[in-house]
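The structure appears below as structure tokens.
All of the numbers you see were taken from the coordinates with simple rules; none came from a lab. For clarity, every value in this text was computed on a predicted model and none was experimentally measured. With ideal geometry, Cβ positions are generated from the backbone for all residues, glycine too; neighbour counts draw on all protein chains shown.
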Amino acid sequence: MEIFTLLEELEDIMEKSRSVPFSNKCIVDKEQILDIIKEIRLKLPEEIKQAKWIKEERQRILVEAQNEANDIIKEAENRIISMIDEHEITRKAYEKKVEIIETANEMSREIKNGTEEYADGVLAGIEVALEDALRVIKNNRKELK
């Protein structure tokens, strides 16, 4: 990610800067630091858009899985209605309906859990990156003051 590259650049500037004697402070090029911070700000909105897209995609997948499960249930119900005249066929159809419903529900749960885990992982990564960037920016602002 470009944000990490910019943060590494900030770290390099800080590490290579001259120290102020008898303190843990250093002298840095203010314009250079501010330029990097501006670049970070420009990059952050794209990360946020990506997180929003992931959330919307997760919701779309969940709705699609639920619709597919509903279609499977309707198909099973229609098959049962068409076979109701014969007892053995009716019994087998009912068993198949239950199996299809269980499979559909399990698939729906797996898809939901998978998308939630994926979205959570991506959002956690973005959160860490944003927290790191904010911490660096705060430290730099503190040192600039």
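Observations, loosely collected:
- Among residues of segment 1-38, those that are surrounded by fewer than 14 Cβ atoms within 10 Å (Cβ to Cβ) and either assigned to a helix (DSSP H, G or I) or touching a Cys at 6+ places or on another chain (Cβ under 7 Å) (or both), counted: 17
- Whichever residue in segment 1-32 is among the hydrophobic types (A, V, I, L, M, F, W, C) and touching a strand residue (DSSP E or B) at 6+ places or on another chain (Cβ under 7 Å) and, among such residues, is farthest from residue 127 (Cα to Cα): 20
Per-residue answers, yes or no, for (1) touching a residue at least 24 places away in the same chain (Cβ under 8 Å); (2) surrounded by 15 or more Cβ atoms within 10 Å (Cβ to Cβ):
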| site | (1), (2) |
| --- | --- |
| 43 | yes, yes |
| 50 | yes, no |
| 62 | yes, yes |
| 73 | yes, yes |
| 92 | no, no |
| 111 | yes, yes |
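- Just one of the listed residues (141, 109, 135) is farther than 30 Å from residue 28 by Cα and of a type outside the set (A, V, I, L, M, F, W, C), namely 109.
- Residues that are under 13 Å from the mean Cα position of the chain (by Cα) and free of Cβ contacts under 8 Å to residues at least 40 places away in the same chain within segment 119-145 comprise 120, 121, 124, 125, 127, 128, listed in sequence order.
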